[in-house]
Each structure stands twice: as C-alpha cells, then as structure tokens.
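Asks: Take a look at the following structure, please.
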Amino acid sequence: VVDVRRQGEALRLTFPFVVPTPAAVFRRADAIWLVFDSQAPIDINKITAQSGRSIRNATVTRSRQGQVIQLKLDKPKLASIGAEGLTWTVVVGDMMLEPTQPLSVVRVAQGGGRASVTIPFDAPSQLHRLSDGEIGDTLLVVTALGPARGFLKPQEFVEFSALVSTHGVVIQPRADDVVAEVTNDKVVV
C-alpha cells in the first residue's frame with residue numbers, strides 16, 4: 001500500500017517493497033510515470049483519495065517486466081525520488097527535494113555510416129517497452145536501484161531523444177530501427 005503524506009504544498013508518496021526494486025521516474029506533459037521492476041501488487045487507492053486536487057487520477061498497469069504507475073497532475077509539478085532501504089519515496093511538488101545525479105552521453109561512430117550513443121549508467125536493471133496511449137508512441141525505459149540518476153535536460157538526436165528523467169533512462173525513438181541494449185555499466189542506443 002502506497003503511503004501518502006502532505007508536506008506543505010508537496011505530496012510525499014512512499015512505496016514499500018520487500019526486496020530491492022529497481023525503478024525509473026519521469027514526467028511527460030501532465031503525468032508523472034513511475035516504473036517498478038516488481039510484479040507484487042501495488043495498492044494506489046490512497047493516492048487520489050488523499051492527494052487533494054494535486055493528482056487528478058492515478059493508474060497502475062502491468063508490463064512484462066514490472067508495473068507502471070501514471071499520476072495525472074492538475075498542473076505540471078516536479079518529482080524527486082529517493083531510496084532508503086527497500087522503500088522508494090517520491091515527492092511531487094514545486095521544488096526538488098532530492099537531487100538527481102546527472103547522466104551523460106557519449107557518441108560513438110561505427111562502420112557503415114551507423115552511429116550509437118553510450119550512456120554510462122552503473123548497474124542498470126530492466127529495459128521496458130512502454131506505450132503512451134495519449135501521445136501514441138513507444139518509450140524505452142531503463143530502471144535501476146538508487147541513488148537517483150537521470151537526464152537533467154533533454155538530449156536530442158536525429159533518430160531518438162533521451163527525455164528528462166528524475167531517475168532512469170527514457171528513450172523516445174523517432175525511427176523504427178532504434179534499439180537499446182543494457183549491459184552491466186551502460187545503456188547503448
């Protein structure tokens with residue numbers, strides 16, 4: 001069961017797990033997406049009941065590798081995430097309470113006119129293919145354990161974008177042949 005507490009104008013959402021659970025968190029338009037590598041049921045009923053008007057709607061859907069929670073906000077807000085033990089805490093408000101460590105991108109030229117991008121990312125977990133029904137595209141999302149690491153500003157390339165993320169890597173392909181691969185210390189696109 002997700003615990004919901006108000007801290008002034010901010011909301012503190014606590015997600016308790018019984019095993020270490022990799023996650024990713026990012027915002028897209030008026031929604032915050034939380035991706036967890038867990039099949040254990042997540043009870044989100046308290047989120048809309050106790051959030052006031054800040055969160056209009058909360059949904060949870062299963063993906064092949066885990067679960068995705070979408071929080072529809074009344075207006076765009078910031079999200080920060082922190083891990084303590086087996087618990088993830090997400091704070092939704094007008095300011096970041098937990099800093100995100102910035103990720104970087106390294107471009108690599110390959111033979112045959114092809115290119116790839118390497119994102120140094122210690123201990124990535126799962127690669128999720130998520131469909132965004134509202135925008136009509138598919139996102140490639142990589143989860144990881146803490147601390148919070150993400151892109152502080154979007155990274156634009158001809159065939160894809162790396163979206164701003166509070167934690168994790170979020171790739172928005174623009175071409176059909178964009179693929180991502182996860183190794184023990186990086187993500188290659």
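Asks: Looking at this structure, is V106 among the β-branched types (V, I, T) and open to solvent by 50 Å² or more (accessible area, probe 1.4 Å)?
Replies: Numbers: among the β-branched types (V, I, T): yes; open to solvent by 50 Å² or more (accessible area, probe 1.4 Å): yes.
Against the criterion (among the β-branched types (V, I, T) and open to solvent by 50 Å² or more (accessible area, probe 1.4 Å)), V106 qualifies.
Asks: Can you give me the ranges of the strands (runs of 3 or more DSSP E) entirely in region 114-189 with at least 2 residues that are farther than 23 Å from V60 by Cβ?
Replies: Values: elements: 115-120, 124-132, 137-144, 160-162, 169-173, 186-188.
Here the list reads 115-120, 160-162, 186-188.
Asks: Here are some residues: V117, V91. Which one is modelled with pLDDT of 90 or more and over 28 Å from T183 (Cβ atoms)? Quick ask: steps written out before the conclusion?
Replies: Numbers: V117 fails: over 28 Å from T183 (Cβ atoms).
The conditions single out V91.
Asks: Okay, moving on. Does region 142-182 hold any residues that are over 13 Å from the mean Cα position of the chain (by Cα), among the polar types (S, T, N, Q) and open to solvent by 40 Å² or more (accessible area, probe 1.4 Å), and which are they?
Replies: Matches in region 142-182: Q155 only.
The values are calculated or read from the model by the stated rules, or taken from the named source; none is laboratory data. Remember, it's a predicted structure, so these values are computed and weren't measured experimentally. As a convention, Cβ positions derive from the backbone with ideal geometry for all residues, glycine included, and neighbour counts pool all protein chains shown. These area figures cover heavy atoms from the full protein model, side chains too; ligands, DNA and RNA do not enter into them. Shrake-Rupley method; radii C 1.70, N 1.55, O 1.52, S 1.80 Å.
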